[in-house]
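Asker: Before we start, here is the structure in question, set down as C-alpha cells.
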Amino acid sequence: YLKISKLALAFAIIHSKPSGKSCKEYTEHLAKTVSEQDSGWKSKVEALEAEVLRLRQELLLNKICPRFCLENDASAETLLDQECINPMSYSSQLEDSGCDVSNDYAFDSLGIASDFHQSERNVDTSKCWLERVPPLNLCCSSKEESLTAPVQFLQNLLEIRKLSEGGILQADFTELENDSFTVCNSVSQLLDGLTVFYNNPKFPVSNFLTEAVCVLISLITDTKLSNHVLKKCFKKLEEFKKNLIQIILRNSSVNRFQAQHAVSHTLVLLGRNNTLRNSLIPLLLSEVRQFAEQLLQAYQIQAMYDITQYENIFPLCMILEKLLESGTEESNISSSDCDGEEKIKFMKNLDQIILHLSDEFPLFSLYLWRVSVLLNSAEMQ
C-alpha cells in the first residue's frame, strides 16, 4: 500500500507540474508549502493547549477552595507589563566580569551560610534572598510570557494554603491528588522557563522572573504542598537540578560568575527540602569526585588541565559544603546520604588524592578535606 501511495503521489506531481519547472523544483515547492501549513497548525495547537491548561488550573483552584477570588492586583501579568514598560535598573557592576567584591554582591561561602540561616528565620525566605542577589531575566520574551499561567496558578495555590492555615478559608487540598496533570504541567513549565534563563542569563533582571523563583522555592518548602509536588514532579525536579549543575560546569564565559552565583543559590534553596537534598548531595559528590580523579591523573603524568573546569568546580564544592552543614545542624541527614554509594566512592582514596594535590592545588585540596569532615560528622551523628 505504501509503495502504491508513493507511486500515485509521484504521478500526481508529474501531471500537475507547471511548465518551466522541473519535477524536483516543484516537489520542493510543495514540500515547503505543506511545511508552512504544519507550522501554522502547530502554533494553533500550542495556543489551544495553553488555554486548556489555564482553564484546568482555574477549575482545580475552584475545586480546592470555591470561595477563593483570583485577585489581579499583583498578578503575574501585571508584573510582566510593568517590566516591559519600566525594567529594573542595577548598577554597572552587573555588566562587568562578576569579580566585584563590594558589600552588596560579595560571594563567599560564609556569605552563603549567613544568607541561608537568615532565610530560615524569615517567613518569605526566597524573597529575602532574591532582594540581595540579582534575580532573573528573560525580559518580555515569548518564553517569559509562557510562564505567566503556571506562575499565577502556583501563586494562587500558595495563597490559598496561607489563608487556609490562618483559618480565613476552608480548602480541600486532597483535590491535588485527583488532578496530577495540571500540577505537573504547571511545575514543568516553570522549571523549563528557569532553565532557559540560567542557560542564557541577562542583566538587568525582571521582577517577573524574580517572582517565578520565589514561587518555586515557596512551593517546595511548604510543609503541605511540597509532598504533593514531589510526588508528581520528582523526576522533573531531578532533571532540573542536573541541568543546573551542568550549567555551572559548562559555562566558559568570562562574565560567568554572577550567573553561577544565582544558580548556586537556587540549588542551595532547593536543598532546603530534605528529599531533594538527599538526592542532590550524591549528584554533587559524583561530579567533585570525578574531577578530583581527573585532576590527579593529569598531575601525575604532567598533562595540561582545563583551568575553566577547575574554576567551575568550586561553586559545586561550596554548594556541597553548605548542604552538608545545614543537614548536620538540623540532624536530618538520612542514612542514604552517610552510607550511600557515592559517599563511599568519594571517600575511597581521598587521603591519597589530597596528599598528591595539596602542594599544587591547595584550595581545592582544602575543600575536599572540608567536605570529607562534614560527611564523617554526619555519619557519626
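Asker: Tally time: how many residues in the range 288-322 are under 18 Å from the mean Cα position of the chain (by Cα) and either without any contact (Cβ under 8 Å) to a residue 60 or more places away in the chain or open to solvent by 20 Å² or more (accessible area, probe 1.4 Å) (or both)?
Answerer: 3
Asker: Kindly indicate whether Arg256 is of a type in the set (D, E, K, R) and within 22 Å of Tyr310 (Cβ to Cβ).
Answerer: yes
Asker: Moving on. From the list Leu219, Leu244, Leu284, Leu237, which one is in the same structural domain as Glu321 (by the TED database), under 23 Å from Asn199 (Cα atoms) and within 16 Å of the chain's Cα centre (by Cα)?
Answerer: Checking each option against the conditions leaves just Leu284.
Asker: Look through Phe197, Phe208 and report the one residue that is of a type in the set (Phe, Trp, Tyr) and under 22 Å from Asn312 (Cβ atoms).
Answerer: Residue meeting the stated conditions: Phe197.
Asker: Which pairs turn up if I take residues in the range 176-199 that are over 18 Å from Val52 (Cβ atoms) and look for partners that are of a type outside the set (A, V, I, L, M, F, W, C) and surrounded by fewer than 21 Cβ atoms within 10 Å (Cβ to Cβ) with beta carbon separation below 6 Å, at least 6 apart in sequence or on another chain?
Answerer: So the pair list comes out as Leu176/His228; Leu191/Lys236; Thr195/Asn243; Val196/Lys143.
Asker: Find the residue count for the range 181-219, including only residues that are modelled with pLDDT under 85, in a helix (DSSP H, G or I) and among the β-branched types (Val, Ile, Thr).
Answerer: Counting residues in the range 181-219 that are modelled with pLDDT under 85, in a helix (DSSP H, G or I) and among the β-branched types (Val, Ile, Thr) gives 1.
Asker: Please count how many residues of the range 13-54 are surrounded by 11 or more Cβ atoms within 10 Å (Cβ to Cβ) and either in the same structural domain as Val183 (by the TED database) or over 28 Å from Ser146 (Cβ atoms) (or both).
Answerer: 11
Asker: How many of the residues in the range 232-250 are over 21 Å from Asn200 (Cβ atoms) and either touching a residue at least 12 places away in the same chain (Cβ under 8 Å) or not charged (D, E, K, R) (or both)?
Answerer: Going through the range 232-250 one residue at a time, the tally reaches 5.
Asker: What do you reckon, is Ile281 over 20 Å from Val371 (Cα atoms) and open to solvent by less than 10 Å² (accessible area, probe 1.4 Å)?
Answerer: So Ile281 does not fit the description; no.
Asker: Also, quick follow-up: Residues of the range 251-264 being more than 11 Å from Leu316 (Cα to Cα) and touching a residue at least 40 places away in the same chain (Cβ under 8 Å), which ones?
Answerer: Residues satisfying the conditions are Asn251, Ser252, Val254, Asn255, Arg256, Phe257, Gln258, Ala259, Ala262.
Asker: If the requirement is being at pLDDT 90 or above, within 15 Å of Ala292 (Cα to Cα) and outside any helix (DSSP H, G or I), which of these qualifies: Asp359, Asp351? Before the answer, list the steps.
Answerer: On the way: Asp351 fails: outside any helix (DSSP H, G or I).
That would be Asp359, the only listed residue that is at pLDDT 90 or above, within 15 Å of Ala292 (Cα to Cα) and outside any helix (DSSP H, G or I).
Asker: Looking at the range 223-258 only, could you name the residues that are open to solvent by less than 30 Å² (accessible area, probe 1.4 Å) and at pLDDT below 90?
Answerer: Leu225, Ser226, Val229, Leu230, Arg256
The values are calculated or read from the model by the stated rules, or taken from the named source; none is laboratory data. Since we're looking at a predicted model, the values are computed, not measured. Reconstructed Cβ throughout: ideal geometry from the backbone, glycine too, with neighbour counts over all protein chains shown. In case anyone asks, the SASA skips ligands and DNA or RNA and just uses the protein heavy atoms, side chains included. Shrake-Rupley method; radii C 1.70, N 1.55, O 1.52, S 1.80 Å.
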